[in-house]
Structures are given as structure tokens and as C-alpha cells.
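To keep things clear, I will list the structure first and then write my remarks on it.
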Amino acid sequence: MTNPSLFEKIGGEAAVNAAVDIFYRKVLADKRINQFFEGVDMEKQAAKQKSFLTVAFGGPNKYTGKDLRDAHAHLVKRGLNDSHFDAVMENLGATLTELKVPADLIAQAAAVAESTRNDVLGR
Amino acid sequence: MPRILFDNQEYESGPGETILDCLTRHGVPAPHSCRSGLCHTCMMRALKGTPSGESQRGLKDALVLQNYFLPCVCVPPGDMSVVLPDAETFRTDTVVTRLDRLNPEIIRLRLARPENYQYRAGQYLTLFNADGVGRSYSLASVPALDGDLELHIHRVPGGVVSGWVDDRLQAGATVSIGEALGDCFYVPGRPDQPLLLIGTGSGLAPLYGIARDALQQGHTGPIKLYHGSSTPDGLYLVQELQDLALKNPGFDYRPCVSRGNAPAWTVRARADDRALEENPNLAGWRIYVCGNPDMVNHTKRRAFLAGASLSDISADPFLPSLP
Ligand SMILES: Cc1cc2nc3c(=O)[nH]c(=O)nc-3n(C[C@H](O)[C@H](O)[C@H](O)COP(=O)(O)OP(=O)(O)OC[C@H]3O[C@@H](n4cnc5c(N)ncnc54)[C@H](O)[C@@H]3O)c2cc1C
Ligand code: HEM
């Protein structure tokens, strides 16, 4: 028997879908970072949040470190830094807590997200 | 192996190959980003053939009903004909059956519904003037209730198409229209879900269609319609909507006036403000917002922050044409 992945344990695609609305709502309401998420096209923004959550949950995706670097390069130019990264981590944790995901799985998701810090911040 | 028809060319897909991979292998430039069914950049629509279930996961119900899908995760189950959402060129001719005025600035245009013309109340179509200039107008008619297609056209100063409709068009004339598009329509399946409809000006057109469609389909949950205008003159179909509210206890109609004196039968407020004040918790609701683009985008965001799920918000900003 293979061990279920973190993605499967958190609840897979359905968990991502449940988390998108909650996470995006938190981010839009968070004055520390909402300037990065102001795009008028909310569907496109939400689809990107879904990509983000799938990566953080260790789900199937084809994003490389370089892709994450490229995707955030225009934000780094606008001043994206560690404090913003920390705020996103906080919103991620709060979202998963709200969805009643067990603490050890939240810690694992946080570790996956944390591992992308240097790529996201373009260092 | 299944064959894919795209842009008038047929491509044969390989074993287990997705439609996106098949097109790119043949050198066809198709938009894409994540290639994992997440980002929706590559979204297409199937005109023939059925997309795989996996390729429609995570799409809004309204898009699924119209056969939209994600080619990056779609291994075609059989032959398919697919298009990019903005590459649709379907056009058909029809006849003006009636023209009248709903208020000093808004004209009601009724067109014979062409045979086999599929649409849902609240979607929009492109109306072409005699020179082939096209503009989008939303459908106020309901396929199950109305024989004709009904549009509410606000005459804008110097408007190429709205001016042509008002000055030139007469009953009996032939006009050209495109197919019905967009995801602003009533989705059956959750008859007790509360519906919030917010519109300004001719933004009432799709909402008038959606409200009547929902009632006609046996919707049991509350339906609240807020129609706003800067002056009482700008409100229209008032009698019809008041009658509809009398006949249907679940349906509420709130005509709103945002400037000057408001008569007793109206509310002195902006429609969007009043709608959100009276309904501050929108978790579980379905929202429709149409009309002035700034109002629509602003209200969409407010409704989302008030708890509505993004997949339960349908919004059509009536954007002006780009020069
Ligand atoms: C999805 C969608 C659905 C729509 N549904 C409807 C509908 O149901 N009913 C309806 O009336 N319109 C609707 N519109 C708007 C419509 O498509 C046209 O933009 C509008 O009728 C103006 O076209 P025109 O050719 O008359 O004016 P144009 O020749 O395109 O514009 C003339 C001038 O008027 C300005 N202008 C354009 N719109 C306005 C406005 N609203 N107020 C003031 N000035 C303006 C332009 O910038 C330009 O300077 C919809 C738009 C979209 C995108
Ligand atoms: C925690 C680690 C992070 C991961 C794993 C991550 C992942 C992603 C992914 C996969 C995308 C989609 C890229 C695409 O397909 O176009 C994306 C987009 C985006 N991310 Fe992140 N992200 C992270 C942190 C952040 C932070 C800290 C911010 C800002 C505060 C941020 C803001 C954005 C924005 C605004 C977009 C959309 C960009 C656009 O408009 O194209 N992200 N992110």
C-alpha cells in the first residue's frame, strides 16, 4: 500500500475548491497585501489562488521554481518582500484552520509553501 | 484516434494525448499556462462532442452547461469540434417585430426568435447595425414564456448602434444577430437558494429575464430585485414588476432612486448600497449584477466579501465598445 500524499490527506481537489473562496476573501480583506490582488477579473485571480493552494497542498501541478519566480517577478518589482510572504502564510494557516484541517497537516502545507520563499521573492 | 476540429482544420490526437498537447504538437498556437487544469487560461468550448468530466471540474455550472472545458486536461473521448471562447462567429438574420419606449432613454426592441436559436434569459447577444457594427445587448425575454427575443437598449449620446436602433430601425426590418453568450442566467438545481438581483439603467434587462425565468422554473427561495436609477424617470417596467411581486410572495422588487426627490413608491438610495445593507450576509446566496461597469465590479467584490461564493456571482458590466 502506498501512503496517501499530503494532498490526498487534506482532501484533494475538493479541499482546494473549498479553500479558494475562503483564502481569496481573506487576502482581499488583508490591507497588508490586498494591493497585489486588486485585479478586476476576480475569476482569473481566484484561478491563480487555486494554483497557489494546489502547490501548497503538494497537489499535482507542473510549476517549477523558475515558474514561481517568473509569476511573481512583476510583484517583486512592486516591492513584494518577506513581510508580504509572512502575511500570505498567515492567511493560508487561518484558511486551513477554518476548514478544520488537523494541525499536523497544516504544518506540512506551511512547510511546502515556506520552501518556495526564495523563488517567490526572486532571490 | 479521435479527431479534433479547430479553426477549420482537423488534427488527429495521439493515444492518451490531451487536446492542448495535440494542438501544440501540430504547431497550433493555443493559449495556456499551468497545463494542470488550474489556471483556466486555455479554456475552450466544445461545439461537437462531449468534453471529459475531468476537464470541466472546477468550472462554474453555467460554463459546464455551455460545454466549456479545459483542453490541457481533456483527453478527447471521441471526435470533437472546439473553439476559443472569443472565436465564435455564428450570425443569423431575423426580423424586428416591435419597437417601443420603456422610458425617455430606453427602447424595447423585439425580434422574431430564429428557428433553433438557443438562449437563456439574461445572456447577451451581438446586434449588428446596417454597416455591420456590432454591440452586446442582454436578453430580457424568457424562452419558455416569450415568443420573441426582447432587448432593452439605452440610447447613449452619439451612440452608433443605440442611435441607429432609435432613429432608423422599424418593425419589419431585417437585422443580424450573433449567438447568445455569457453565464448570467438562472441555473436550475437549487430551487430554495436565495437570489439577489442588482441592476442600474438598462441593466434591468437581464434581471427581468432571470427573475421571470426563475419563477417560471418553480424557484421557491426568495428573489430580491434592486433596480437603480439616478432619477424616477429612469425606472421602467415598474407596473409589471409590482404585479409580479403581488403574484409571487417570494419575489421582492425595490425601485431605487439615487439623486434628488424620491417618490413614495421608491427607495432613496443607490440600488447596490441598499441591496447590501438589507442583505449583509450573502453566504449561500446567488448574486446577479448588471449595468454600469464601475457599479458592477464594485458590487461583485462587496458581495464576495459579504460571503457569496465566487462561483455563485454572475456579473455583466455593460462595458462600452473599445474604439
Ligand atoms: C455583456 C454586455 C451586455 C450589454 N447589455 C446591454 C443592454 O442590455 N442594454 C444596453 O443598453 N446596453 C448594453 N450593453 C452596452 C452596449 O453593448 C453598448 O456599449 C452601448 O449600447 C453603446 O453602444 P453604441 O454603439 O450605441 O455607442 P458607441 O458608438 O459605442 O459609443 C458612443 C459614445 O458613447 C459613450 N458611451 C458608451 N456607453 C455609454 C453609456 N452607458 N453611458 C454614457 N456614454 C456611453 C462611448 O464611450 C462613446 O463616446 C452591454 C454591454 C456588454 C459588454
Ligand atoms: C507562499 C508561496 C507562494 C506560492 C507557492 C505561490 C504560487 C503562485 C502560483 C502557482 C501562481 C499562479 C501563476 C500563474 O499560473 O500565472 C501565483 C500567482 C500570484 N501570486 Fe503567488 N505564490 C506564493 C506567494 C505569494 C505572495 C507572498 C504574494 C503576494 C503577497 C503572491 C501574489 C500572487 C499574485 C498577485 C499572483 C497573480 C499574478 C498575476 O496577476 O499574474 N503570491 N502564485
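The values are calculated or read from the model by the stated rules, or taken from the named source; none is laboratory data. Source: prediction; values computed, not measured. Reconstructed Cβ throughout: ideal geometry from the backbone, glycine too, with neighbour counts over all protein chains shown. Surface areas here come from the heavy atoms of the whole protein model, side chains and all, with no ligands, DNA or RNA. Shrake-Rupley method; radii C 1.70, N 1.55, O 1.52, S 1.80 Å.
Worth pointing out:
- Length gained on full extension, residue B:57 to residue B:7, computed as 0.36 nm times the residue gap minus the Cα-Cα distance: 15.5 nm.
- At most 15 other Cβ within 10 Å, DSSP loop - trypsin sites (Lys or Arg not before Pro), the stretch A:27-110: A:31, A:32, A:62, A:78, A:100
- Convex hull volume of the stretch B:91-178 per residue (C-alpha atoms, cubic angstrom): 87
- Rounded to 10°, Cα long-axis angle of helix B:238-247 versus longest principal axis of chain B: 80
- Other protein chain Cβ atoms within 10 Å, averaged over every residue that makes up B:216-225: 0
- Within the stretch B:275-323, chymotrypsin sites (Phe, Trp or Tyr not before Pro) in DSSP loop having at most 12 other beta-carbon neighbours inside 10 Å: none
- Each residue, residue A:8 and residue B:252, gets one label point 7 Å from its Cα in the Cβ direction; the gap between the two is 4.8 nm.
- In the stretch B:273-311, the residues that give up 30 Å² or more of accessible area when the other protein chains are added, compared with the chain on its own (1.4 Å probe), are B:297, B:300, B:301, B:304, B:305, B:310.
- Take the Cα of residue B:277, step 7 Å toward its Cβ, do the same at residue A:89, and the gap between the two points is 4.4 nm.
- Over chain A: helical MRE at 222 nm, DSSP H runs n ≥ 4 each giving -39500 (n - 2.57), nearest 500: -21000 deg cm²/dmol
- Mean projection area, nm², convex hull over Cα of chain B: 17.7
- Spatially proximal lysines relative to residue B:60 (Cα-Cα < 27 Å; intrachain offsets below 8 disregarded): A:9, A:26, A:44, A:48, A:50, A:62, A:100, B:48, B:224, B:300
- Only alpha carbons enter this Debye calculation for the protein assembly as shown, each as an equal point scatterer, and the log10 of I(q)/I(0) it gives at q = 0.11, 0.12 Å⁻¹ is -0.98, -1.13.
- Rough spin-label spacing in nm, given labels placed 7 Å along Cα→Cβ, for residue B:171 and residue A:118: 7.7
- Calculated [222 nm] ellipticity per residue, helices only, for chain B: -5500 deg cm²/dmol; basis is -39500 (n - 2.57) per DSSP H run with n ≥ 4, divided by all residues, nearest 500.
- For the stretch B:1-107, chymotrypsin sites (Phe, Trp or Tyr not before Pro) are listed when DSSP marks them as loop and at most 15 other Cβ atoms sit within 10 Å of their Cβ; the list is B:90.
- Average beta-carbon neighbours from other chains, 10 Å sphere, peptide A:45-51: 5
- Only Lys, Arg (+1) and Asp, Glu (-1) charged, at Cβ; the stretch B:3-83 dipole about Cα centre in debye: 200
- Mean accessible surface per residue for the stretch B:1-131, computed with a 1.4 Å probe while every protein chain stays in place, in Å²: 49
- Near residue B:298, once Lys and Arg are set to +1 and Asp and Glu to -1 for all other residues with Cβ below 15 Å from its Cβ, the sum equals -2.
- Counts of other chain beta carbons within 10 angstrom of each beta carbon in peptide B:35-42 average 6.
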